[in-house]
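Derivation of every value follows stated rules applied to the coordinates shown; laboratory data play no part. For clarity, every value in this text was computed on a predicted model and none was experimentally measured. Here the Cβ is made from the backbone with ideal geometry for all residues, glycine too, and neighbour counts use every protein chain on show.
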Amino acid sequence: MTFKPSIAFRAKAKAGEAMVEAFSKTIGKQLGVTLHTHQGPPLMAWAKIGSDKKETLVMIHGFGDRKESFYFMSKFLKEKLNLVIPDLPGFGKSCMDPDLVYSLENYIDWLGRFIEQTGPESFHLAGCSMGGAIAAKFAAQFPSRVKSLSLVDPAGFYLPGKHSVYDEALAGSNIFHISSPSDFESLQSRLFRKSPPLPACVKEYMILKAMGDRTWLAKIFDELMDMDSIKSGNISLEQASLNHLCKAITMPVMLFWGRHDSLLPWETALFVEKLFPRAQVHIYEEYGHVPHLEGPKKLAGHMLDFICG
């Protein structure tokens with residue numbers, strides 16, 4: 001049965017949207033966030049925390065996410081690092097142009113232009129999920145610019161024989177295609193080991209947003225994964241992965257992974273660790289796919305230990 005939100009549901013969702021935006025502004029003010037716009041093209045909104053006197057960490061968010069999801073970690077990072085956090089094109093308050101192709105190659109190009117105009121000559125780089133795939137490929141292409149690479153449950157790597165969200169997508173099931181509240185609850189249960197409690201109006205806002213975004217997200221997902229080439233048999237999932245790029249990533253790498261990640265199996269970390277010249281692994285026994293949301297203080301501490309030594 002198709003879910004049709006009532007007028008009351010929509011009204012509560014509108015209140016939830018206002019609550020989320022007010023909360024983000026409040027946390028941003030507490031962190032000392034300054035908001036900026038990179039004109040591109042494409043246009044990218046971004047946040048800066050800290051002064052240029054410190055070393056910089058550029059943080060890249062995941063699929064369907066936005067820069068504000070890093071605010072929870074940022075309060076534990078900002079004393080030692082200058083933070084640069086963009087909304088990737090297609091997400092948050094950045095450009096959403098249906099005529100653009102949201103391929104991994106284009107994301108590297110867009111990120112490169114953004115950093116060229118806004119970032120220092122060299123910096124530390126971190127990425128979560130999809131942001132991890134983008135960060136890893138960027139580091140492979142521009143190794144002299146990236147001092148260290150922190151990957152949190154990164155997409156892009158493939159462990160043959162281990163079921164993942166890639167296999168689900170190839171079989172025609174996309175967990176990001178939300179058509180009802182139950183679909184949203186299912187996605188939450190896949191992202192978190194324990195879904196966080198949310199005010200009812202915030203949850204209703206997130207449900208409506210996910211439903212409204214499903215066609216848009218399907219476009220980005222397919223273009224990012226190059227699903228047409230995989231489905232046509234031109235390349236395999238493993239060939240489409242970043243496994244072959246690991247040897248080109250020569251800076252220190254830390255792989256952070258939640259053992260309860262149901263999208264990207266944690267064993268992938270142990271597999272790709274051996275492919276990197278200089279990699280370490282930290283497995284979180286208590287988290288799922290999003291340690292930066294489930295344990296921001298703990299992840300920030302471990303990331304600082306890795307970056308700052």
Output the antiparallel fraction of DSSP beta bridges having both residues in the chain, as a percent to the nearest 5. 30 percent
Can you give the extra length, in nm with one decimal, that the chain gains between K75 and E273 once fully stretched, where that is 0.36 nm per residue apart less the Cα-Cα distance? 68.4 nm
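What's the magnitude of the charge dipole for the range 171-233 around its Cα centre, counting Lys and Arg as +1 and Asp and Glu as -1 at the beta-carbon? Answer in Debye, nearest 20.
Values: 8 positive and 8 negative charges, 62 e Å.
Roughly 300 debye for the range 171-233.
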With the dipole of the range 1-57 defined by +1 on each Lys or Arg Cβ and -1 on each Asp or Glu Cβ, the option from A8, A18, L35 whose Cα lies farthest towards the positive pole is A8
What FRET efficiency comes out for S232 versus E285 if R0 is 35 angstrom and r is the Cβ-Cβ distance? Round to the nearest 0.05. 0.30
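Using only DSSP helix segments of four residues or longer, with each worth -39500 (n - 2.57), what per-residue ellipticity at 222 nm results for the chain after dividing by its residue count and rounding to 500? Display every interim value, and only then the final one.
Details: 12 runs with 135 residues, N = 309.
Mean residue ellipticity at 222 nm (helix-derived): -13500 deg cm²/dmol.
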At a 10 angstrom cut-off on C-beta neighbours, averaged per residue, how do the peptides 140-149, 23-32, 178-187 rank from highest to lowest? 140-149, 178-187, 23-32
Put +1 on the Cβ of each Lys and Arg and -1 on the Cβ of each Asp and Glu in the range 7-308; which of W110, A45, I175 then has its Cα farthest toward the positive end of the dipole? A45
Please report L304, L83, L293, L151 as a ranked list, fewest other C-beta atoms within 10 angstrom at the top and most at the bottom. L304, L293, L83, L151
Where N is the number of residues in the range 7-308, Cα Rg divided by 2.2 N^0.38 Å: 0.95
About its Cα centre, how strong a charge dipole does the range 184-309 have in debye, to the nearest 20, once Lys and Arg get +1 and Asp and Glu get -1 at the Cβ? 220 debye
Which one, A200, L149, M225, projects farthest toward the positive side of the charge dipole computed for the range 7-308 from Cβ point charges (K/R +1, D/E -1)? A200
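What is the dipole size for the chain, taken about its Cα centre, with +1 at each Lys and Arg Cβ and -1 at each Asp and Glu Cβ, in debye to the nearest 20?
Working: 34 positive and 33 negative charges, 195 e Å.
The dipole of the chain has a size of about 940 debye.
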Local charge sum around A300 (other residues, Cβ-Cβ under 14 Å, Lys/Arg +1, Asp/Glu -1)? +2
So what's the Cα pair-distance distribution over the range 174-237, bin width 5 Å, in %? 3, 17, 21, 20, 14, 11, 7, 4, 2, 0
